[in-house]
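The values are calculated or read from the model by the stated rules, or taken from the named source; none is laboratory data. Keep in mind it's a predicted model, so treat the numbers as computed, not measured. Here the Cβ positions follow ideal geometry from the backbone for every residue, glycine too, while neighbour counts run over all protein chains shown.
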Amino acid sequence: MPTLNATKEVIRHCLPYVKGRILDLGAGEAKYKTILKSRGGEYVACDSRKGKSIDVVCDVADLPFEPESFDTVVSTQVFEHIKNPFAAAVEIKKVLKIGGYAIITAPFMIPFHPDPEDNFRFSESGLKELFEPLGFEIAESGIYGGFFTVVYEMIHFSIFNPYFSKSNRFAAAIGKIAGFLDRIFSSEKIYTNSFVVAKKK
């Protein structure tokens, strides 16, 4: 598997699993909509708050969709914010069609960042544990963002606004340098995020 350093890279890496009707849970600004729609059909953006990019306002742990109504469910950097990630996994199973895939990313070593809450961190095995007991088959899992990205995130969250600093050239430059170093000096113990691709059987 190639060295991955950002959530966008993970989404691109996981595109072969994306198909049909797509549900983006906790979509926010729906920044991966274009990438996801390149592989699927209808795209539905769901979030707990209203927004110009949001189609449905809902609770991730109580989804207002018919059973088996989506082929793919994607949730990026959301599970740390919800109160009951196990209940969210059950809801994902409910709305996924048999043979459909859930693609989930979540932080492991990253500073506190309430939006509006910040409750959990997930190792790779922790994310798998949300889905395996429900009968999902783990098609793929992994980690991304190594030691230098962890250091960068500490700086990013301490000095800059973590949600609106992308326009800050200094922060962006530090992030690029960190990513470059992580591709050279990889780490399996110190990493920023985990991901899992789970198939409903």
Could you check, for segment 129-136, whether at least one of its residues is outside any helix (DSSP H, G or I), modelled with pLDDT of 90 or more and within 27 Å of residue 198 (Cα to Cα)?
yes
Got a number for residues in segment 184-201 being in a helix (DSSP H, G or I) and either under 20 Å from residue 140 (Cβ atoms) or modelled with pLDDT under 85 (or both)?
0
Okay, helices (runs of 4 or more DSSP H) sitting entirely in segment 1-102 with 1 or more residues that are surrounded by 14 or more Cβ atoms within 10 Å (Cβ to Cβ), touching a residue at least 40 places away in the same chain (Cβ under 8 Å) and among the polar types (S, T, N, Q), I get 7-13
From 15, 25, residue being at pLDDT 95 or above, under 17 Å from the mean Cα position of the chain (by Cα) and under 17 Å from residue 94 (Cβ atoms)
25
Could you tell me whether residue 104 is of a type in the set (A, V, I, L, M) and either closer than 20 Å to residue 75 by Cβ or at pLDDT 95 or above (or both)?
yes
For segment 63-85, check the following and say yes or no: at least one residue is of a type in the set (Gly, Ala, Ser), in contact with a Lys or Arg (Cβ under 8 Å, 6 or more places away or on another chain) and at pLDDT 95 or above.
yes
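Residues are listed down the side, and each one gets a yes or a no for (1) touching a Leu at 6+ places or on another chain (Cβ under 6 Å); (2) surrounded by fewer than 16 Cβ atoms within 10 Å (Cβ to Cβ); (3) among the aromatic types (Phe, Trp, Tyr):
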residue	(1), (2), (3)
111	no, yes, no
115	no, yes, no
124	no, no, no
127	no, no, no
131	no, no, yes
138	no, yes, no
145	no, no, no
149	no, no, no
Can you confirm whether residue 110 is touching a residue at least 40 places away in the same chain (Cβ under 8 Å), under 18 Å from the mean Cα position of the chain (by Cα), part of a loop (DSSP other than H, G, I, E, B) and within 29 Å of residue 40 (Cβ to Cβ)?
yes
